[in-house]
Amino acid sequence: MKKLLIKNGYVIDPKSGKNGHKDILISNGKIEKLAPSIALEDCGVSISKKTGLPKATELRVVDADGLLIAPGLVDVHVHFRDPGFTDKEDIYTGAKAAAKGGFTSVVMMANTKPAIDSVETMKYVLDKGRETAINVYACGNVTKGLKGEELTDMDALAAAGAVGFTDDGIPLINEDIVKQAMKKTAQLDMPISFHEEDPSVIDNNGINRGKASEYFGIGGSPRTAEINMIERDIKLAEGIRASIDIQHISTKEGVQLVREAKAAGMSIHAEATPHHFSLTEEAAIEHGTLAKMNPPLREEADRRAIIEGLVDETIDMIATDHAPHTAEEKARELTKAPSGIIGLETALSLGITNLVGAGYMTINKLIKLMSTNPAAVYHLDAGYIAENGPADIILVDTQASEVYEKESIASKASNTPFIGCELKGKVMMTICRGEVAYEA
Ligand code: DOR
């Protein structure tokens with residue numbers, strides 16, 4: 001395997017807190033050496049007598065002058081639609097979109113068809129994931145067939161490689177099932193993530209009840225749908241010590257509930273999507289189905305509270321909820337179109353633009369929320385840059401600015417309201433397991 005030497009970049013490592021100009025030598029999928037300067041002669045490759053340079057077959061040198069080097073991003077919430085809905089996305093195209101967005105590890109949600117509720121489907125997903133250039137992990141389902149009625153064989157799914165459990169996409173209504181699942185995942189020492197929306201109070205999901213629902217003349221989703229479920233699950237988790245992950249948080253009250261539960265010592269985590277920290281229900285009014293997602297975009301006060309939650313790490317992870325749908329599906333009328341938008345290729349630049357550029361946090365903090373923290377919650381060997389650690393890194397031009405064009409999208413789908421937006425920050429190279437997975 002060819003070695004890689006990345007020279008002159010500015011390396012940030014939120015895990016150790018050590019940042020600075022460093023060279024990185026990569027071999028056999030690992031970081032062999034990390035030092036202020038690494039000479040070509042110290043790379044352990046043959047040097048050509050004619051040119052005095054290392055042989056191109058043995059070493060590639062990348063000049064990262066002016067670029068930021070960060071641990072590869074980790075997204076614990078992606079829908080790759082494989083098996084079952086591969087007209088929207090498949091594991092290969094999803095992984096390509098991830099690599100382009102700077103993600104070296106992703107966790108697939110289990111609302112596929114069949115759902116990832118059996119060892120057989122888990123094996124299919126992970127085997128196919130291994131054929132891609134990044135690390136594809138998956139959650140197993142909490143309940144068989146996403147029906148909310150009967151627990152899956154979590155022991156078997158864990159043994160087959162699940163990194164967490166969820167019925168994402170479908171809220172779990174049965175409290176007894178929720179408690180049993182929390183107990184089991186606590187025993188397995190694995191995270192369990194919850195889609196917190198109470199369907200009994202929602203009338204046409206994907207649009208906030210308020211200004212947007214009034215505009216469209218539909219019922220929409222009230223904020224109480226989320227608040228009630230988070231409250232319930234915090235209560236149900238009492239005394240269980242499960243590692244709870246509240247997915248795609250959308251309300252200020254939800255953020256506050258998580259903050260208080262954390263302060264009370266609960267092992268609770270939360271995810272915010274780039275769209276929930278970037279947009280409000282005004283975007284739904286402007287873009288219609290392209291800004292329809294569950295839970296919906298809400299009000300400016302909610303967006304601000306989500307940002308505050310990210311700043312104080314009440315919300316410890318940014319996760320995209322990358323949810324590809326076909327153009328035909330999103331062309332349907334609002335109430336008939338499916339919820340969800342793609343997010344892998346815009347996540348980092350939305351963070352650089354709306355969180356770092358807007359002055360809410362440093363780039364180091366953003367990388368912590370997009371890499372180090374999610375890796376820790378899902379027990380993945382990722383989210384740091386250190387000798388002998390995984391060679392999963394990204395090279396980012398934080399100053400580059402680009403208009404997001406439909407033609408540039410690597411995902412099979414293009415359901416996003418961000419097309420045409422000028423976004424700051426560009427992934428120049430994604431390296432995963434020591435190999436170049438994407439290069440601009
Ligand atoms: O908008 C959404 N779409 N939210 C989810 O939780 C599921 C996702 C999907 O699978 O399309």
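The values are calculated or read from the model by the stated rules, or taken from the named source; none is laboratory data. Keep in mind the model is a prediction, meaning the values are calculated, not measured. Every residue, glycine as well, gets a Cβ built from its backbone with ideal geometry; the counts of neighbours run over all protein chains shown.
Checking every residue in the range 80-90 against the condition of being over 19 Å from HIS248 (Cα atoms), assigned to a loop (DSSP other than H, G, I, E, B) and of a type in the set (Phe, Trp, Tyr) gives at least one match.
Matching residues to (1) more than 16 Å from the ligand (Cβ to nearest atom); (2) at pLDDT 95 or above; (3) touching a Ser or Thr at 6+ places or on another chain (Cβ under 8 Å):
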residue	(1), (2), (3)
ILE240	yes, yes, no
SER243	yes, yes, yes
GLN247	no, yes, yes
THR251	no, yes, no
LEU257	yes, yes, no
GLY265	yes, yes, no
ALA272	no, yes, no
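Exactly one residue out of GLY161, GLY145, GLY206, GLY239 is surrounded by fewer than 17 Cβ atoms within 10 Å (Cβ to Cβ), touching a Pro at 6+ places or on another chain (Cβ under 9 Å) and either assigned to a helix (DSSP H, G or I) or not hydrophobic (A, V, I, L, M, F, W, C) (or both): that is GLY145.
Quick check on VAL61: is it buried (at least 24 other Cβ atoms within 10 Å of the Cβ), touching a residue at least 12 places away in the same chain (Cβ under 8 Å), not in a loop (DSSP other than H, G, I, E, B) and not basic (Lys, Arg)? So VAL61 does not fit the description; no. For the range 167-203, which residues satisfy the criterion of being assigned to a loop (DSSP other than H, G, I, E, B) and surrounded by 16 or more Cβ atoms within 10 Å (Cβ to Cβ)? Once the filter is applied, which keeps residues that are assigned to a loop (DSSP other than H, G, I, E, B) and surrounded by 16 or more Cβ atoms within 10 Å (Cβ to Cβ), the range 167-203 yields ASP167, ASP168, GLY169, ILE170, PRO171, LEU172, MET190, HIS195, GLU196, GLU197, ASP198, ILE202. Residue-level check: of (1) touching a residue at least 60 places away in the same chain (Cβ under 8 Å); (2) of a type in the set (Val, Ile, Thr); (3) in contact with an Asp or Glu (Cβ under 9 Å, 6 or more places away or on another chain), VAL45 misses just (1).
Touching a helix residue (DSSP H, G or I) at 6+ places or on another chain (Cβ under 9 Å), part of a strand (DSSP E or B) and surrounded by fewer than 22 Cβ atoms within 10 Å (Cβ to Cβ) - does that describe any residue in the range 18-26? The answer is no, given that none of the residues of the range 18-26 is touching a helix residue (DSSP H, G or I) at 6+ places or on another chain (Cβ under 9 Å), part of a strand (DSSP E or B) and surrounded by fewer than 22 Cβ atoms within 10 Å (Cβ to Cβ). Among the residues of the range 1-14, those identified as surrounded by fewer than 20 Cβ atoms within 10 Å (Cβ to Cβ) and within 23 Å of THR362 (Cβ to Cβ) are ASN8, TYR10. Taking helices (runs of 4 or more DSSP H) as the structural unit, those lying wholly within the range 301-403 and holding at least 3 residues that are over 15 Å from PRO14 (Cα atoms) and either of a type outside the set (S, T, N, Q) or within 16 Å of the ligand (Cβ to nearest atom) (or both) correspond to 327-330, 347-351. Among residues of the range 98-124 being of a type in the set (A, V, I, L, M), more than 15 Å from the ligand (Cβ to nearest atom) and under 24 Å from ASP392 (Cβ atoms), the one that is farthest from the chain's Cα centre (by Cα) is MET122.
Considering each of ALA305, ALA261 in turn, give the residue that is of a type in the set (A, V, I, L, M), touching a helix residue (DSSP H, G or I) at 6+ places or on another chain (Cβ under 7 Å) and closer than 17 Å to ASN354 by Cβ. Exactly one residue qualifies, and that residue is ALA305.
Contact annotation: residue pairs with Cβ atoms under 8 Å, 6 or more positions apart or on different chains, pairing a residue in the range 140-163 that is on the phi > 0 side of the Ramachandran plot with a partner that is not in a loop (DSSP other than H, G, I, E, B), are GLY148/ILE177; GLY161/MET122; GLY161/LYS123; GLY161/LEU126; GLY161/TYR137; GLY161/ALA138. Number of residues in the range 245-279 that are farther than 18 Å from GLY343 by Cα and either free of Cβ contacts under 8 Å to residues at least 40 places away in the same chain or of a type in the set (D, E, K, R) (or both): the value is 14.
Each residue in the range 280-317 was checked for being under 20 Å from the mean Cα position of the chain (by Cα), more than 20 Å from ILE170 (Cβ to Cβ) and in contact (Cβ under 8 Å) with a residue 60 or more places away in the chain, and 8 of them qualify.
For the range 152-167, filtered to residues that are within 16 Å of the ligand (Cβ to nearest atom) and touching a helix residue (DSSP H, G or I) at 6+ places or on another chain (Cβ under 9 Å), the residue that is nearest to GLY129 (Cα to Cα) is GLY164.
Taken together, ALA98, ALA115 contain a single residue that is among the hydrophobic types (A, V, I, L, M, F, W, C) and assigned to a helix (DSSP H, G or I), which is ALA98. Within the range 103-133, the set of residues being hydrophobic (A, V, I, L, M, F, W, C), more than 13 Å from ILE91 (Cβ to Cβ) and surrounded by fewer than 24 Cβ atoms within 10 Å (Cβ to Cβ) comprises ALA115, VAL119.
When ASP65, ASP75, ASP117 are screened for being among the acidic types (Asp, Glu), in contact with a Leu (Cβ under 8 Å, 6 or more places away or on another chain), closer than 28 Å to LYS368 by Cβ and at pLDDT 95 or above, only ASP75 passes. Looking across VAL377, VAL396, one residue alone is in contact with a strand residue (DSSP E or B) (Cβ under 8 Å, 6 or more places away or on another chain) and farther than 30 Å from ILE244 by Cα. It is VAL396.
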